[in-house]
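Asker: Have a look at this one before I ask anything.
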């Protein structure tokens, strides 16, 4: 089940290391937020000890971050920082010398009225004349994406609030500059507008009185499962704008009941298609500012049973850049991703490539252009008036493409014949055996029994690709590079990151010369550095979190290790394991057999991976606290998790969510108990969140001989209650095999509960609905099964809202495991 802490852009997408509040481990929902006005921690005087209040309310483990972003054209970093008075200022950091220049002072964020503008986010126009500031924001589902936008003219030093007089406060979304900076497009009330920066004149791009139509943004399920929020994109010259339109007519509506915000209940209603139900119909239009007209792209297939997952204009330096659009379309099964090229003047389209898989395929949010191979002529360059120079045109336009077609995810060169860039688009016959249209080819760039996890950047001049991979250790992450112009596929790419274990993540400059590098490992907090990529030279350490590291070093030691658990002749599972270190006065005597209770932290679904050599923030600290209380803790990646171990490992779970997951987890735990005789097989607990909550329920119901206690947080007891895109991607369609969904749903097996169970859910959960848990409650009650329930009023999937929530829940979880697993005192 997807969770709020991250969204996935590949089968094993990179987990953010910028953990502003000590984020929980990789596959929980949002870590509960740190509450204000903390009470004194009972362990505050003992630097060796942890306690709930020190972890979730204290300041010892608050991670430092810097709000940095690369300029879109120059090797410059922009830093939003606060003055000693807490007011924002924008600082320019030159690279590589890292000289600081205050570009927008804190005084400039004060309006003539005296009102100060806070800064949640900002962006520059291409010429840096205008600064666009996002402020006064409110949360929409996962992120604060609605609010107010203010425009600062750096020449006149004047501010203007976007939206015009008719716009209410906190009503604008996704404001974005045009390529020339002469306009800003934004969404307001499900309609798309464009406002001139110089005059404030507002033009309507797409608007309707029909409340079922969404222009320029998305419904709940597109945002949650396809990671789509801003649904529009300017053409390279700014003369056109492509946008999504979704029609929610006939999509079932879900209601959330808020009983606590006011004296009488209120409802929040939104379209939410559950398994087998009707999806919104999506289409893509292109609005021409010159003709003031919209042309709709013609992609075949029932729009309610296909997903338009990505759009992209051609690169600005090729012919047809402003006349052609690339569109990725997933079938409802999501085992096909069709790449279309569309003529924006007519809407006519043709499939260039059809990527298929026996399980599922994921769309690629961005296609990186590649330079031509040696021997091809250079691409024509466009001048400021959008006319091509007299350079000889190349024969193809090329992109980097990710594919699992060899059972491992690798980079390919996708070459598209230049004839597709001009003239009418017409049918050209059937696709070849590789899924390619005539004039289209795929050539491997990398090869081998390892996965390219994600493509991070491409130098469009040299063709050097930078990508995240972990060829020898699925728990770690590093940056690698290869030459996309090489004559043969590369089996052993060059490592850019240092040889240090752990996880490296990068934000790479547009030139690909420099990067912000963030590193952490299982027990070390993130370190952020500015590096030069070609030599992997550290220019400057920007954040070291030295105070947090010192606080961690002062804690009682813990034994943690990464291990492999062989569950049958052909299958081994990765795991991390933590256990208490014997006291110093024990004279090195062996730990007594069956003396330590075990807690298993589970996720187990295709959207995540828990066995990562990365700092886990508050979840790591809580697990370490449990070891101080006398528990051992383990997490196991079963088959089907998003681990870089090949397509067969990841997609073995297809059609088996809720069946393979608990079986593998149980088998892994049994191997662990055999390896570590100090663990008590009669005192094994399990806990998980979201998809991990579902795994917890299935483990308790189907393996009651192994698990003695469980905590299921925000679970999905019935798979028919979850959304179409996620559940059908990994389980298939209901009309193909309904029984799969029944067999994998915990509610089907509720009669198997035989041990203490705690269920925790937020009643305001828009993602995994509390109603599904209520149906499980009815089933357990009917079966005569006793259990505990904690319903947090109006909390979302992250269960983070409200004063004291984080501490309350974690203390309750701790007390539950102490009561039922009874660690030695």
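The values are calculated or read from the model by the stated rules, or taken from the named source; none is laboratory data. Predicted, not measured: the structure shown is a model, and the values here were computed from it. Positions of Cβ are backbone-derived with ideal geometry, glycine not excepted, and every protein chain shown enters the neighbour counts.
Asker: Just to be sure before I move on: is residue 692 touching a strand residue (DSSP E or B) at 6+ places or on another chain (Cβ under 7 Å), part of a helix (DSSP H, G or I) and closer than 26 Å to residue 555 by Cβ in the structure I sent?
Answerer: Working: touching a strand residue (DSSP E or B) at 6+ places or on another chain (Cβ under 7 Å): yes; part of a helix (DSSP H, G or I): yes; closer than 26 Å to residue 555 by Cβ: yes.
Considered against the rule, which asks whether it is touching a strand residue (DSSP E or B) at 6+ places or on another chain (Cβ under 7 Å), part of a helix (DSSP H, G or I) and closer than 26 Å to residue 555 by Cβ, residue 692 comes out as yes.
Asker: Moving on. Among the residues of segment 340-374, write down those that are within 30 Å of residue 293 (Cβ to Cβ) and touching a helix residue (DSSP H, G or I) at 6+ places or on another chain (Cβ under 6 Å).
Answerer: Residue satisfying the conditions is 341 alone.
Asker: Next question, about the same structure. Out of all the residues in segment 460-484, which are farther than 26 Å from residue 650 by Cα and touching a strand residue (DSSP E or B) at 6+ places or on another chain (Cβ under 8 Å)? Spell out how you get there, then give the answer.
Answerer: Restricting attention to segment 460-484, the residues satisfying the condition of being farther than 26 Å from residue 650 by Cα are 460-464, 483-484.
Selection gives 460, 462, 463, 464, 483, 484.
Asker: Pairs, please: C-beta under 8 Å, at least 6 apart or cross-chain, first residue farther than 17 Å from residue 691 by Cβ and in segment 640-669, second outside any loop (DSSP other than H, G, I, E, B) and modelled with pLDDT under 95?
Answerer: If the second residue must be outside any loop (DSSP other than H, G, I, E, B) and modelled with pLDDT under 95, the pairs left are 667/568.
Asker: Now for a different question. Just checking, how many residues over segment 799-825 are within 26 Å of residue 628 (Cα to Cα) and either surrounded by 17 or more Cβ atoms within 10 Å (Cβ to Cβ) or within 31 Å of the chain's Cα centre (by Cα) (or both)?
Answerer: Narrowing segment 799-825 to residues within 26 Å of residue 628 (Cα to Cα): 799-800, 804-825.
From what's left, either surrounded by 17 or more Cβ atoms within 10 Å (Cβ to Cβ) or within 31 Å of the chain's Cα centre (by Cα) (or both): 799-800, 804-814, 816-817, 820-821, 823.
Selection size over segment 799-825: 18.
Asker: For segment 41-68, give me each residue that is in contact with a strand residue (DSSP E or B) (Cβ under 8 Å, 6 or more places away or on another chain), in contact (Cβ under 8 Å) with a residue 24 or more places away in the chain and surrounded by fewer than 19 Cβ atoms within 10 Å (Cβ to Cβ).
Answerer: 64, 65, 66
Asker: I need a count of the residues in segment 294-317 that are under 17 Å from residue 371 (Cα atoms) and either crowded, with 21+ Cβ neighbours inside 10 Å or within 30 Å of the chain's Cα centre (by Cα) (or both). Before you say what the answer is, go through the steps one by one.
Answerer: Applying the first criterion (under 17 Å from residue 371 (Cα atoms)) to segment 294-317 yields 313-317.
Okay, now just the ones that are also either crowded, with 21+ Cβ neighbours inside 10 Å or within 30 Å of the chain's Cα centre (by Cα) (or both), so 313-316.
The number of residues fulfilling the criteria is 4.
Asker: How many residues, within segment 722-747, are under 28 Å from the mean Cα position of the chain (by Cα) and closer than 22 Å to residue 785 by Cα? Working first, answer last.
Answerer: Narrowing segment 722-747 to residues under 28 Å from the mean Cα position of the chain (by Cα): 722-734, 740-741, 744-746.
Cutting the leftovers down to closer than 22 Å to residue 785 by Cα gives us 744-746.
Selection size over segment 722-747: 3.
Asker: Here is a further query. Out of (1) part of a loop (DSSP other than H, G, I, E, B); (2) more than 27 Å from residue 335 (Cβ to Cβ), the odd one out for residue 457 is which?
Answerer: (1)
Asker: In segment 792-812, what residues are in contact with a helix residue (DSSP H, G or I) (Cβ under 8 Å, 6 or more places away or on another chain) and under 23 Å from residue 600 (Cα atoms)? Explain how you work it out, then say what you get.
Answerer: Initially, segment 792-812 is screened for residues in contact with a helix residue (DSSP H, G or I) (Cβ under 8 Å, 6 or more places away or on another chain), giving 792, 795, 799-800, 806-807, 810-811.
799, 800, 806, 807, 810, 811 - these are the residues of segment 792-812 that are in contact with a helix residue (DSSP H, G or I) (Cβ under 8 Å, 6 or more places away or on another chain) and under 23 Å from residue 600 (Cα atoms).
Asker: Has segment 748-767 got any residue that is surrounded by fewer than 19 Cβ atoms within 10 Å (Cβ to Cβ), closer than 30 Å to residue 304 by Cβ and within 26 Å of the chain's Cα centre (by Cα)?
Answerer: The answer is yes, given that some residue of segment 748-767 is surrounded by fewer than 19 Cβ atoms within 10 Å (Cβ to Cβ), closer than 30 Å to residue 304 by Cβ and within 26 Å of the chain's Cα centre (by Cα).
Asker: For residue 670, indicate whether it is out of contact with any helix residue (DSSP H, G or I) (no Cβ under 9 Å at 6 or more places or on another chain) and under 24 Å from residue 451 (Cβ atoms). Step through it out loud before you land on a result.
Answerer: Numbers: out of contact with any helix residue (DSSP H, G or I) (no Cβ under 9 Å at 6 or more places or on another chain): yes; under 24 Å from residue 451 (Cβ atoms): no.
No, not satisfied.
Asker: Continuing with this model, one more query. Of the residues that sit in segment 252-288 and are touching a helix residue (DSSP H, G or I) at 6+ places or on another chain (Cβ under 7 Å) and part of a strand (DSSP E or B), which one is surrounded by the most Cβ atoms within 10 Å (Cβ to Cβ)?
Answerer: Going through the qualifying residues, I end up with 271.
Asker: Check off (1) touching a strand residue (DSSP E or B) at 6+ places or on another chain (Cβ under 6 Å); (2) closer than 16 Å to residue 80 by Cα for residue 99 and give me the number that stays unchecked.
Answerer: (1)
Asker: Restricting the search to segment 565-578, which residues are surrounded by 13 or more Cβ atoms within 10 Å (Cβ to Cβ) and free of Cβ contacts under 8 Å to residues at least 12 places away in the same chain?
Answerer: Listed by number, the list holds a single entry, 572.
Asker: Taking segment 106-158, which residues are in contact (Cβ under 8 Å) with a residue 40 or more places away in the chain, loosely packed, with under 14 Cβ neighbours inside 10 Å and under 30 Å from residue 801 (Cβ atoms)?
Answerer: Within segment 106-158, 143 is the sole residue that qualifies.
Asker: Now for a separate question. Being within 27 Å of residue 659 (Cα to Cα) and out of contact with any helix residue (DSSP H, G or I) (no Cβ under 9 Å at 6 or more places or on another chain) is true for just one of 769, 749, 820, 761. Which residue is that?
Answerer: Details: 769 fails: out of contact with any helix residue (DSSP H, G or I) (no Cβ under 9 Å at 6 or more places or on another chain); 749 fails: out of contact with any helix residue (DSSP H, G or I) (no Cβ under 9 Å at 6 or more places or on another chain); 761 fails: out of contact with any helix residue (DSSP H, G or I) (no Cβ under 9 Å at 6 or more places or on another chain).
Exactly one of 769, 749, 820, 761 is within 27 Å of residue 659 (Cα to Cα) and out of contact with any helix residue (DSSP H, G or I) (no Cβ under 9 Å at 6 or more places or on another chain), namely 820.
Asker: Grab the helices (runs of 4 or more DSSP H) fully contained in segment 715-825, keeping just those with 1 or more residues being modelled with pLDDT of 95 or more and farther than 30 Å from residue 683 by Cβ.
Answerer: Numbers: elements: 724-731, 738-744, 770-782, 805-821.
Answer list for segment 715-825: 724-731, 738-744, 770-782.
Asker: Now a separate question. Can you find, within segment 544-559, the residue that is surrounded by the most Cβ atoms within 10 Å (Cβ to Cβ) among those that are in contact with a strand residue (DSSP E or B) (Cβ under 8 Å, 6 or more places away or on another chain) and farther than 24 Å from residue 629 by Cα? Let's see the steps before the verdict.
Answerer: From segment 544-559, those in contact with a strand residue (DSSP E or B) (Cβ under 8 Å, 6 or more places away or on another chain) are 544-545, 548-549, 552, 558-559; that's our starting set.
Going one step further and asking which of them are farther than 24 Å from residue 629 by Cα, we end up with 544-545.
On the way: 544: 14, 545: 22.
So, considering only residues that are in contact with a strand residue (DSSP E or B) (Cβ under 8 Å, 6 or more places away or on another chain) and farther than 24 Å from residue 629 by Cα, the one surrounded by the most Cβ atoms within 10 Å (Cβ to Cβ) is 545.
Asker: Under 7 Å by Cβ, and 6 or more places apart or on different chains, what pairs join a residue from segment 70-99 that is free of Cβ contacts under 8 Å to residues at least 12 places away in the same chain with one that is part of a strand (DSSP E or B)?
Answerer: Every condition considered, the pairs that remain are 82/88.
Asker: Residue 191: in contact with a strand residue (DSSP E or B) (Cβ under 6 Å, 6 or more places away or on another chain), at pLDDT 95 or above and more than 23 Å from residue 90 (Cα to Cα), yes or no? Walk me through it before giving the result.
Answerer: Working: in contact with a strand residue (DSSP E or B) (Cβ under 6 Å, 6 or more places away or on another chain): yes; at pLDDT 95 or above: yes; more than 23 Å from residue 90 (Cα to Cα): yes.
The answer is yes for residue 191.
Asker: On the given criteria, is residue 562 out of contact with any helix residue (DSSP H, G or I) (no Cβ under 6 Å at 6 or more places or on another chain), surrounded by 22 or more Cβ atoms within 10 Å (Cβ to Cβ) and at pLDDT 95 or above?
Answerer: On the way: out of contact with any helix residue (DSSP H, G or I) (no Cβ under 6 Å at 6 or more places or on another chain): yes; surrounded by 22 or more Cβ atoms within 10 Å (Cβ to Cβ): no; at pLDDT 95 or above: yes.
Spelling it out, it is not the case that residue 562 is out of contact with any helix residue (DSSP H, G or I) (no Cβ under 6 Å at 6 or more places or on another chain), surrounded by 22 or more Cβ atoms within 10 Å (Cβ to Cβ) and at pLDDT 95 or above.
Asker: Also, quick follow-up: Return the only residue of 365, 424, 380 being touching a strand residue (DSSP E or B) at 6+ places or on another chain (Cβ under 8 Å), surrounded by fewer than 19 Cβ atoms within 10 Å (Cβ to Cβ) and modelled with pLDDT under 90. Even if it seems obvious, please write down each step before you answer.
Answerer: Numbers: 365 fails: modelled with pLDDT under 90; 424 fails: modelled with pLDDT under 90.
Only one candidate passes the filter, namely 380.
Asker: Looking only at segment 523-543, count how many residues are touching a residue at least 40 places away in the same chain (Cβ under 8 Å) and surrounded by fewer than 20 Cβ atoms within 10 Å (Cβ to Cβ).
Answerer: So the first thing to find is which residues in segment 523-543 are touching a residue at least 40 places away in the same chain (Cβ under 8 Å), and the list is 523-526, 528, 530, 532-533, 536, 539-540, 542-543.
Filter again for surrounded by fewer than 20 Cβ atoms within 10 Å (Cβ to Cβ), leaving 523-524, 532, 536, 539-540, 543.
Number of matching residues: 7.
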